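The values are calculated or read from the model by the stated rules, or taken from the named source; none is laboratory data. In this text, all values refer to a predicted model and were calculated from it rather than measured experimentally. With ideal geometry, Cβ positions are generated from the backbone for all residues, glycine too; neighbour counts draw on all protein chains shown. Heavy atoms of the whole protein, side chains included, go into the accessibility calculation; ligands, DNA and RNA do not. Shrake-Rupley method; radii C 1.70, N 1.55, O 1.52, S 1.80 Å.
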Amino acid sequence: MVRARHPRPGGPPGAGGGGPPGAGPRPAGHGRRAGRGGPPGAEAQVGACQAGAVSEPGGTELSATLRRIERAAGALASASVARMDETLPWFRDLPPDHRSWVMLVAQAGARSLVQWLRDGGGTADSTQEVSDEVFATAPQALARSISLQQTVALVKVMIDVVEEQVSHLAAKGEEQQLREAVLRFSREIAFAAARVYARAAESRGSWDARLQALLVDALLRGDSPDVLASRAAALGWADAPPVAVAVGRSPGGEVSAVLHTVHRQARRIGTEVIGGVHGDRLVIVLGGAADPVAATGKLLGAFGDGPVVVGPAVPSLDEATESARAALAGFRAAPAWPTAPRPVPADDLLPERALAGDAEARRRLRHDVYAALVRAGGELLETLDAFFAAGGTLESAARSLFVHPNTVRYRLRRISDVTGFSPLAARDAFALQVALTVGRLDPVVPVVPTQTMTPNSSKTSHTGDDRRRFL
């Protein structure tokens, strides 16, 4: 049996119970228009119950228009998605589930427009903001697959569709009022989208900063390659060779802001980076830079004051622990060289690192410099001692050795070829002196070859030539 409808008192049939069948409970603000019948004081009661009906200075309300927009919300969303598919090529390439999420956002946008108008957002002097919940209907995966620029394009398409339908949506005489309200709503919905993406970026930045700090910490500890690889993969690290580690002082402030500066400058030079702040130190892992020292020089704006030390380049992140340890040791020893360039390679700080107690620096100076001179023979050690004793004067060294100065020049060139340090350069001469000291303080245990003794064989004695062979 069909139940008859009864109009509410104080209004014509359909004025209070309007809306299509099955539309559900009528939202606030869909009551009678104030002043149309009803007992005394009804106008104040309606004004209190309605959630801020939108009106022009003359007092014309948008109640009828709001009901029309509510009924047309689904059609508006469908038309908006159809227009997106027609005008936005990238939208057509989205997976079906992403397109359905956009439809949900469009429907939420239409409902948000109605609520915003009810709350008084349509007035010229209103400060009412659009709730960010309009974007909460879609999962976070949609925000990761659609950029902020693309979201703005989607909002623009939807607003265009609504503006085209103003003449059909607005009640008689309310067209201009609705058109102006839609323009203000488009501004507020754009700001709401910007807020959503800003919060997502902040959250992502904080998480990335923590993950990068864990990776750098694992690198400094020398964790297994599997640990480094898994954490690097989570950050999207491509592991482009070569890889090097740079250490300097942090500029201070929020860690996420410091790392944002690092990544922004790295993008400009096309270098892959991972960074972390440890105490007052900023540690950066560079990948894919042919010259890590030169690349670090372009990232100096991300560091604070003081020295910046770059470790040796290695083939991959798995071996970057060696580069990190060298860079950290160089950073600790860098104050001993006040005029050091910025940035400075860790290998250029070998003498300072050795004096500061770095075992790796001592090993390299002993093996690559002192032992190399011993193995080369040709009186190179004696000549180097005489040259230093003469205060770097070539002629005085030649007289003390009873040789021609050209002989000393030749031997000094040999020393430079063997060790990579030139005795004629003040900085290299300092490294050579430290290498001689370390080599003589850290005794090298000679390796005695296994030898079968025969009755006619005599005990082997190790001469200077044997010592040079075993170093």
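Scoring Val247 on the criteria (1) of a type in the set (A, V, I, L, M, F, W, C); (2) surrounded by fewer than 24 Cβ atoms within 10 Å (Cβ to Cβ); (3) touching a helix residue (DSSP H, G or I) at 6+ places or on another chain (Cβ under 8 Å) leaves a single failure, condition (2). When Pro345, Pro307, Pro312 are screened for being surrounded by fewer than 20 Cβ atoms within 10 Å (Cβ to Cβ), within 16 Å of Val245 (Cβ to Cβ), touching a helix residue (DSSP H, G or I) at 6+ places or on another chain (Cβ under 7 Å) and not aliphatic (A, V, I, L, M), only Pro312 passes. Considering only region 85-95, I want to know if a residue exists there that is closer than 25 Å to Val152 by Cα, modelled with pLDDT under 60 and within 47 Å of the chain's Cα centre (by Cα). No, the conditions are met nowhere in region 85-95. Kindly indicate whether Asp239 is farther than 20 Å from Ala295 by Cα and among the charged types (D, E, K, R). No.
The single condition among (1) over 13 Å from the mean Cα position of the chain (by Cα); (2) open to solvent by 40 Å² or more (accessible area, probe 1.4 Å); (3) among the aliphatic types (A, V, I, L, M) that Ala234 does not meet is (1). For Asn406, the conditions (1) touching a helix residue (DSSP H, G or I) at 6+ places or on another chain (Cβ under 6 Å); (2) of a type outside the set (Gly, Ala, Ser); (3) farther than 28 Å from Leu328 by Cα all hold with the exception of (1). Taking region 353-374 as the range and being small (Gly, Ala, Ser) and touching a residue at least 24 places away in the same chain (Cβ under 8 Å) as the test, the residues that pass are Ala354, Ala356, Ala361, Ala371, Ala372.
The residue list Ala82, Ala42, Ala64 contains one member that is surrounded by 14 or more Cβ atoms within 10 Å (Cβ to Cβ) and at pLDDT 80 or above, which is Ala64. The number of residues in region 154-189 being surrounded by fewer than 17 Cβ atoms within 10 Å (Cβ to Cβ) and small (Gly, Ala, Ser) comes to 2. Summed over region 164-188, the residues that are outside any helix (DSSP H, G or I) and either within 17 Å of Ser80 (Cβ to Cβ) or without any contact (Cβ under 8 Å) to a residue 12 or more places away in the chain (or both) give a count of 2.
Give region 311-347 a look and list any residue that's of a type in the set (Gly, Ala, Ser) and not in a helix (DSSP H, G or I), or say none. Gly311, Ala313, Ser316, Ala340, listed by residue number.
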